[in-house]
Amino acid sequence: MKKYDVVMIGGGHNGLVAACYLQRAGLDVLVLEKNDWVGGAATSRELTPGFLYSNCSYVCSLFRPEIMRDLELPKHGLQVIAYEGGAVFTRDGDYIASYRDHDSHRREFARYSKRDAEAYDRYARDVTRQCRFIQPLLMRTAPDPFSFKPRDISELLYLGKKFGEFSPHDMAQTLRFWTMSISDFLDEYFETDVIKAYLALSGIIGTALGPMSPGTAYVLLHHYMGEVDGSVGAWGYARGGMGAVTQALASSFKASGGTIRTGADIAKVMTRSGRATGVILADGEEVRGNLVVSNADVKRTFLKLVEEDALPETFVHRVKHFKMRGSSGKLNIALDSLPEFPALPKGSSCIRGDLHFTDSMERMERAYDDWKAGRYSADPFVDMVIPTTLDPTMAPPGKHFMSCFVQYCPPQLTGRDWTDADRDAFADTVVSQIADYSPGFRDRILHMEVRTPREIEAEVGLTEGNIFQGELTFDQLLFNRPVPGYAQYRTPVPGLYLCGSSTHPGGGVMGAPGRNAAAEILRDLKMKPAEMSPAHDVI
Amino acid sequence: MMPDLATRLAQQKHITTPRLETPFHPRIAALSETNDWYTWAGYKAPHSVFDEELEYFAIRSMAALFDISPMVKYRIAGPDAERYLNRLTVRNVAKLAAGRVHYTAWCDDHGHVLDDGTLFQLSADTFRLCCQERHLPWLLDSAIGFDVGIEEETTEIAGVALQGPTSFAVLSKAGFEGIERLKPFQLADFAHDGGTVTISRTGFTGDLGYELFVPAAQALSLWDRLWTAGRLHGIRAIGYAALNRARIEAGFIVSNADFMTAETTLRADRARMPDEIGLDWLVDMEKVNFNGRKAILEARRNQTLKHVLVGLEIEGNIPADGAIVYHRRKQEAGLVTAAIWSPLAKRNIAIASLARPYGTRLTEDFWVEIYAMRELQYQKMMKRARIVPRPFIKLDRRAANPPGLF
């Protein structure tokens, strides 16, 4: 029986990134994916003829350009198209938009408040300063502060030096930023509720917290530190849907000689004398590997795939309590024609960006209150995009694909499992909300896929359907992600590594965890990557 | 207070004009031969109108009209306006008087310059602050505890600078009676088109000149009045390229060109104190309290000031903009932020920011490395530079009283 150098559990974007780097370094890598397609939460699926759905993740900004280059993803078909701003509709029939153009953006905000219009620059400056601090850390293994290894000490010193470049005022600001609620943070800059509600959305996406919960300011930062071709903070559409990212990775992987097996559900990680030696598939087949790398989240990996008695008690305790709570759902809709939003003037670019309906902080927090009580939000927060306004490859001409990210949506409903009827009722609250602002919306719907945390967990394998493989709060970042002492992609089981978003620097279609994990594995093997660019300079 | 729905809806149409046109735009567009526009604070503004070099000579020989409407303007009014501005800005506003203008700057708590600008005292308790960047949150937050109102009035008020030796003749011909009594930095109101135009004897050229402010609705009639009166006095419309040459000769600095304003810097070390950008003379330490006072005082006392802004005269005639300044040809000492060949001084001049003690204790043996791209090849030159006082030119006609009638 063939023995691989590396067996990868799961073909999500981080698994494929790590697999690519390892294969290119000269290892023989096998990617095992339980679904009949690869991609994890970055997929484009034709669920109705002629339409491609980005049915989990739906926009792209965080994916590191260094990785795109190293793995030759453009050659394998990846293209990311920047889009312009977006808007939130207000209940009184107006909207507030954001624009790439600085002066248009200011004039738009000035419709609501001249003060806020001019305050935006200060806000953008402060957030950008924090992004500049974080960005270089994404592509580095987090230092272990309790280790005395020279590398950890030097990484800690690097962190200290980066921090030292701040003025004392900015240092204080950083600590506040990493721990504050997005609501409190925005209060320091803006007076207008709808402006705050608009900007706060990046602070709650994918997080089981409300805008008034401490820690959400950092979540906002996480959504701002990406880029499209050097334009920091910009978001774009992957041409062909988010599956284009993982298809390019899979193509690059295979081109360098890697093997992918789909339809291979993994039941257990095999160990011998405490060391990982491969995996056992659901049908009992054993697949052997010198190393096993898990792209699955930390809970799925250690609470389902590894025998608990192989793990230290404290570790298991920490994994059990790693916060990875389902908070969102998703509607993927095929539309017969472009929906109309009478509030938007003709020719507005907003239709090509992200659209929202939650126009006050209180509505956003109330939506979270429902989640706390174990209900999906009666008045949900929706992040809606129509990528086909810029990407002609995802729907027939004149028809459109719409992605609606919906929050909040609990993993269980008041202590019981979701039913199909619950799911349909959930979808209806969202469609109703859209239809309130877009007359005739229901009539345009040709097909719709509805995903609650139940569907996301069942298909993608994300525990509780948490899109980040663990919440992005300060207690779960850097050397605490996922577990203190195990933040460097290694695990208590020798030969078993983690490479998914449960590890530093966290979730989003970023690829950095996969890349960093590959770097650590190669270090352990005393091997060098064929090509692994350091993080681009932030100058 | 958030504006009501009708007001907000009416303003939605801003997206149809992503570049605003100033109130003078129809006239400038009609005169424009080069069709050479750039964006100034969201407005379409002329880089040149007919020929940037000839436009410069219009400033120095005749009269030049330069549209300054995109300047950000704040109206600050109320019983505490003077006290408020004294707390806000580094200069002593008590020494200003109604009908006068002064150049000033304001700082954050760390003594870093937020912007520079001109403060017009329109009446005992009404002021207008003109500047490059936008500061409404800062101005409003600073007003807590003061009985003062602050309104941003950039779009409502049109401004035009009339600069050059015949500018006084143009205004006299245009019938602004009493204009001859205006001394430098004085302002007065004059009747125009059923309303009022505020004219100050100020400018950004170091030449004889005036700045005129009117409500936007009266902008075109004001332009026409000046244009008609100026016909025999060589009046021309000019763009920023020509003005920039004149302002460098006059030694004036431009925010976010010669220094970075504190609220726009991403890098902590880029902010500057007044003493670091040649504005130490504005700072009035006699004032008991103004923002940044303590930080500036400490920096002076502890000698922690890091930079200094100097005028340079560079050998040869190749402008050195963006060049690195060296001490003894080897040690990096600073950066040239603006440079031209000065037609008036017949010298190669520059404004530079040096890292102390260069420019303070060490004042000799500076060199400038110029990379001049000529037909796809860099001509690399190391040229000797001498620190000289600003302004680089001094024109008697600027301050003559009464002004010369050319």
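The values are calculated or read from the model by the stated rules, or taken from the named source; none is laboratory data. These figures come from a predicted structure and were not determined experimentally. Neighbour counts run over all protein chains shown; Cβ positions are idealised from the backbone, glycine included.
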* To do: From the list B:Phe259, B:Phe252, B:Phe290, pick out the single residue that is closer than 20 Å to A:Arg122 by Cα, at pLDDT 95 or above and aromatic (Phe, Trp, Tyr).
  => B:Phe259
* Would you check if B:Gly206 is crowded, with 19+ Cβ neighbours inside 10 Å and at positive phi? => yes
* Asked: Among the listed residues B:Arg267, B:Arg236, which satisfies the condition of being over 18 Å from the mean Cα position of the chain (by Cα) and surrounded by fewer than 20 Cβ atoms within 10 Å (Cβ to Cβ)?
  -> B:Arg267
* Asked: Looking only at region A:321-344, which residues are out of contact with any Phe, Trp or Tyr (no Cβ under 9 Å at 6 or more places or on another chain) and more than 24 Å from A:Thr216 (Cβ to Cβ)?
  -> A:Asp336, A:Ser337, A:Leu338
* To do: Please indicate, with yes or no, whether at least one residue in region B:174-188 is assigned to a loop (DSSP other than H, G, I, E, B), in contact (Cβ under 8 Å) with a residue 40 or more places away in the chain and in contact with a Leu (Cβ under 8 Å, 6 or more places away or on another chain).
  => yes
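Condition first: assigned to a strand (DSSP E or B) and touching a Pro at 6+ places or on another chain (Cβ under 8 Å). Now tell me which residues in region B:106-157 satisfy that. Before you say what the answer is, go through the steps one by one.
The first filter runs over region B:106-157 and keeps only residues assigned to a strand (DSSP E or B), leaving B:106-107, B:113-123, B:126-131, B:149-152, B:157.
Listed by number, the residues that qualify are B:Cys107, B:Val113, B:Ile157.
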* Structure fact -> Listed by range, strands (runs of 3 or more DSSP E) wholly within region B:1-94 having at least 1 residues that are at pLDDT 95 or above, within 14 Å of chain A (Cβ to nearest Cβ) and over 18 Å from A:Lys114 (Cα atoms) are B:36-40, B:43-48
* Structure fact -> A:Val127 vs (1) more than 7 Å from chain B (Cβ to nearest Cβ); (2) closer than 30 Å to A:Tyr158 by Cβ; (3) surrounded by fewer than 20 Cβ atoms within 10 Å (Cβ to Cβ): all pass except (3)
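Go through B:Val325, B:Val308 for me and flag whichever is touching a Lys or Arg at 6+ places or on another chain (Cβ under 8 Å), among the β-branched types (Val, Ile, Thr) and touching a residue at least 40 places away in the same chain (Cβ under 8 Å).
B:Val308
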* Asked: Out of B:Thr202, B:Thr166, B:Thr196, which single residue is closer than 22 Å to B:Val72 by Cα and touching a residue at least 40 places away in the same chain (Cβ under 8 Å)?
  -> B:Thr202
* If we keep just the residues of region A:387-408 that are in contact with a helix residue (DSSP H, G or I) (Cβ under 6 Å, 6 or more places away or on another chain) and in a loop (DSSP other than H, G, I, E, B), which is surrounded by the fewest Cβ atoms within 10 Å (Cβ to Cβ)? -> A:Leu390
* Considering residues of region A:163-185 that are away from chain B (no Cβ under 14 Å) and among the aliphatic types (A, V, I, L, M) only, the residue nearest to the chain's Cα centre (by Cα) -> A:Ile182
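Which ones in region B:350-366 are buried (at least 18 other Cβ atoms within 10 Å of the Cβ) and either among the basic types (Lys, Arg) or out of contact with any Pro (no Cβ under 8 Å at 6 or more places or on another chain) (or both)?
B:Ile351, B:Ala352, B:Ser353, B:Leu354, B:Ala355, B:Arg356, B:Tyr358, B:Gly359, B:Phe366
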* Kindly check whether there is at least one residue in region A:147-156 that is within 12 Å of another protein chain (Cβ to nearest Cβ), part of a helix (DSSP H, G or I) and not polar (S, T, N, Q). => no
* Go through (1) facing chain B (nearest Cβ under 9 Å); (2) touching a strand residue (DSSP E or B) at 6+ places or on another chain (Cβ under 8 Å); (3) surrounded by fewer than 23 Cβ atoms within 10 Å (Cβ to Cβ); (4) in contact (Cβ under 8 Å) with a residue 12 or more places away in the chain and name the single condition A:Arg122 misses. => (2)
* Structure fact -> When region A:337-372 is checked residue by residue, the ones that are crowded, with 20+ Cβ neighbours inside 10 Å and small (Gly, Ala, Ser) are A:Gly353, A:Ala367
* Asked: Can you find even one residue in region B:154-163 that is farther than 25 Å from B:Val254 by Cα and either surrounded by fewer than 20 Cβ atoms within 10 Å (Cβ to Cβ) or without any contact (Cβ under 8 Å) to a residue 40 or more places away in the chain (or both)?
  -> no
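Here's the yes/no breakdown for (1) within 14 Å of chain B (Cβ to nearest Cβ); (2) over 29 Å from A:Tyr198 (Cβ atoms); (3) surrounded by fewer than 23 Cβ atoms within 10 Å (Cβ to Cβ); (4) in contact with a Phe, Trp or Tyr (Cβ under 7 Å, 6 or more places away or on another chain):
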| site | (1), (2), (3), (4) |
| --- | --- |
| A:Thr48 | no, yes, yes, no |
| A:Ser54 | no, no, no, no |
| A:Arg69 | no, yes, yes, no |
| A:Lys75 | no, yes, yes, no |
| A:Gln79 | no, no, yes, no |
| A:Glu84 | yes, no, yes, yes |
| A:Phe89 | yes, no, no, yes |
| A:Ala97 | yes, no, no, no |
* Scan region A:144-171 for residues that are in contact with a Phe, Trp or Tyr (Cβ under 9 Å, 6 or more places away or on another chain) and either over 18 Å from A:His504 (Cβ atoms) or of a type in the set (Asp, Glu) (or both) and jot them down. => A:Asp144, A:Asp152, A:Glu165, A:Phe166, A:Asp170, A:Met171
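Quick check: is even one residue across region B:129-139 more than 14 Å from chain A (Cβ to nearest Cβ), within 19 Å of the chain's Cα centre (by Cα) and either touching a residue at least 60 places away in the same chain (Cβ under 8 Å) or under 30 Å from B:Gly234 (Cα atoms) (or both)?
Start the filter on region B:129-139 by keeping residues that are more than 14 Å from chain A (Cβ to nearest Cβ), which leaves B:130.
Filter once more, so that each one left must be within 19 Å of the chain's Cα centre (by Cα): B:130.
Narrowing the set further to residues that are either touching a residue at least 60 places away in the same chain (Cβ under 8 Å) or under 30 Å from B:Gly234 (Cα atoms) (or both) leaves B:130.
Yes, the conditions are met somewhere in region B:129-139.
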* Elements of type strands (runs of 3 or more DSSP E) in region B:194-275, at least 3 residues being in contact with a Leu (Cβ under 9 Å, 6 or more places away or on another chain) and under 23 Å from B:Leu309 (Cβ atoms) -> none
* Structure fact -> Those residues of region B:347-377 that are free of Cβ contacts under 8 Å to residues at least 40 places away in the same chain and over 12 Å from B:Pro319 (Cα atoms) come to a total of 10
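Tell me, which strands (runs of 3 or more DSSP E) lie completely within region A:1-58 with 1 or more residues that are under 23 Å from A:Tyr497 (Cα atoms), among the aliphatic types (A, V, I, L, M) and in contact (Cβ under 8 Å) with a residue 60 or more places away in the chain?
Strands (runs of 3 or more DSSP E) meeting the threshold: A:3-9, A:29-32.
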* Considering region A:333-357 alone, what residues qualify as being out of contact with any Leu (no Cβ under 7 Å at 6 or more places or on another chain), away from chain B (no Cβ under 14 Å) and not hydroxyl-bearing (Ser, Thr, Tyr)? -> A:Ile333, A:Leu338, A:Pro339, A:Glu340, A:Asp354, A:Leu355, A:Phe357
* Scanning region A:187-204 for residues that are under 16 Å from A:Tyr218 (Cβ atoms) and in contact (Cβ under 8 Å) with a residue 24 or more places away in the chain, which turns out nearest to the other protein chains (Cβ to nearest Cβ)? -> A:Leu199
